[in-house]
Amino acid sequence: MTATSQLSLPLNQLTEPTSIAIAQRIERQAILTPLRESPIATAYVRYGKKHPSKESQGKESQGKTPMLLLHGFDSSVLEFRRLLPLLMQGELTQSEAWAIDLLGFGFTERSLQLPVSPVAIKMHLYACWKTLIDEPVILIGASMGGAAALDFTLTYPEAVKQLVLIDSAGWSAGFPLSKLITQPIGKWATAFLRNLKVRQNISLKAYYDPSFASADALQCAALHLDQSDWQQSLISFTQSGGYRSFKTRLAEIQPPTLILWGEQDRILGTQDAQRFHQTIPRSQLVWIAQCGHVPHLEQPQITAGHILEFTH
């Protein structure tokens, strides 16, 4: 493949303008990583101006900080279809915002020769950051993406200027039983997760207002299921044990941190919001009213407003 290519998706399945708009912007770029000799075709969307060249970075050093958004479990950049455009509007807009499909998820290339684990995800993400951005970012992680953001921040503190956690995983260890999953059970479980009725039930639980669990939302949550090796990558990730608990290391988080949390989160509950706030040194907690697990989808204007206020 060429270094960068446009990703073609069946847009006729989407009806919401923001969904169509972000789907049309998805690109894939070959990213070299330590994970294998050949590059990994990585899916992302970029809003705003093109990243300045190495020669001009000094002149741009006083500019606005790029944002980097990380999606949740078995999701994709489409998760940010409502939030990203709002982050690029108004006086407080950022000059550049990226959303990247993590290794093993979304529309990023999968392979049977690419085991998926938090360590591999972090190595791939660092290579993406180095290749595409290469300057400190405002790192925004939603749900599992919050755990990925915490892991990245703890390992590469020089790459993160500010941190935003949206109903974040990472307080408790993920997938505690996954190491006991055998291959046949793994295949059964992923086949179950692939069922659209199952995914719709998960969507209904994620929202406070069930009207958000629309046909368009279901398509956005399912378009990546047809990607090659989706099932094997998901099994690989769950068998790795998923993200461990970071609660014993949260005091090491140095960047100013904004914690956004839906008051009616039925996926992770609400107790972890206070725990993160009490443990991360330079953090502030903002509750989003009439909102479930996905404030960036259910209350995008309010979510964007809090993020932009925090980052300026």
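Each reported figure results from applying straightforward, stated rules to the coordinates on display, with no laboratory input. The structure presented is a predicted model; accordingly, all values stated were derived computationally and were not measured. Note that each Cβ is placed from the backbone with ideal geometry, even for glycine, and that neighbours are counted across all protein chains shown.
Could you please rank ILE166, ILE26, placing first whichever residue has the fewest other Cβ atoms within 10 Å of its Cβ? Intermediate results must be reported in sequence, preceding the final value.
Working: ILE166 29, ILE26 22.
Taking fewest neighbouring Cβ atoms as first place, the list is ILE26, ILE166.
Projected onto the charge dipole of the chain (+1 at Lys/Arg Cβ, -1 at Asp/Glu Cβ, origin at the Cα centre), which of THR190, GLN162, VAL294 gives the Cα projection farthest towards the positive end?
So the residue we want is THR190.
What's the local net charge at PRO256, with K and R +1, D and E -1, over the other residues with C-beta under 10 Å away?
The answer is +2.
To the nearest 20 debye, what charge dipole does segment 76-177 have about its Cα centre, counting +1 at the Cβ of each Lys and Arg and -1 at the Cβ of each Asp and Glu?
Dipole magnitude for segment 76-177 comes out near 200 debye.
How charged is the neighbourhood of THR279? Take every other residue with its Cβ under 13 Å from the Cβ of THR279, and add Lys/Arg as +1 and Asp/Glu as -1.
The answer is +2.
Taking only the alpha-carbon atoms of segment 213-292, what semi-axes of the equivalent ellipsoid follow from 5 times the gyration tensor eigenvalues under a square root, in whole Å, largest first?
Here the semi-axes work out to 29, 21, 11 Å.
Using Cα springs under 10 Å in a Gaussian network model of the chain, which residue among ALA169, ALA189, ALA43 shows the largest mean-square fluctuation?
Fluctuation is largest for ALA189.
Where in segment 196-213 does the amide nitrogen come within less than 13 Å of the point 7 Å from the Cα of GLN264, taken along Cα to Cβ?
204-213
Placing +1 at every Lys and Arg Cβ and -1 at every Asp and Glu Cβ, with all other atoms neutral, what dipole size does the chain have around its Cα centre, in debye to the nearest 20? Working shown, then result.
Details: 27 positive and 26 negative charges, 100 e Å.
Dipole of the chain, to the nearest 20 debye: 480 debye.
Counting Lys +1, Arg +1, Asp -1, Glu -1, what net charge surrounds GLN290 among other residues with beta carbon under 10 Å of its beta carbon?
Working: positive: none; negative: ASP209, GLU263, GLU298.
Combined, the nearby Lys, Arg, Asp and Glu give -3.
Of LYS49/LYS122; LYS64/LYS161; LYS130/LYS187, which ones are farther than 23 Å apart at the Cα?
LYS49/LYS122; LYS130/LYS187
Considering the options SER111, ALA127, LEU11, tell which one lies farthest towards the positive end of the dipole of the chain, charges being +1 on Lys and Arg and -1 on Asp and Glu at the Cβ, about the Cα centre.
Farthest towards the positive pole: SER111.
Say R0 is 22 Å: what FRET efficiency, to the nearest 0.05, do GLU158 and GLU252 get from their beta-carbon distance?
According to the calculation, E is roughly 0.95.
Given points 7 Å out from each Cα along the Cα-Cβ axis, report the ARG36 to HIS312 separation in nanometres with one decimal.
Modelled inter-label distance: 4.4 nm.
Just report the Cα centroid separation between segment 274-311 and segment 221-269, whole Å.
When both Cα centres are located, 16 Å separates them.
Would you mind getting the Kirkwood hydrodynamic radius of segment 170-312 from its Cα pairs, rounded to one decimal in Å?
Taking every pair of different Cα atoms in segment 170-312, averaging 1/r and inverting gives 17.2 Å.
Rounded to the nearest 500 deg cm²/dmol, what is the calculated helix-only ellipticity per residue at 222 nm for the chain, with -39500 (n - 2.57) per DSSP H run of length n ≥ 4? Present the calculation step by step, with values, prior to reporting the outcome.
Details: 12 runs with 108 residues, N = 312.
That comes out to -10000 deg cm²/dmol.
To two decimal places, what compactness ratio does the chain give when its Cα radius of gyration is scaled by 2.2 N^0.38 Å?
0.93
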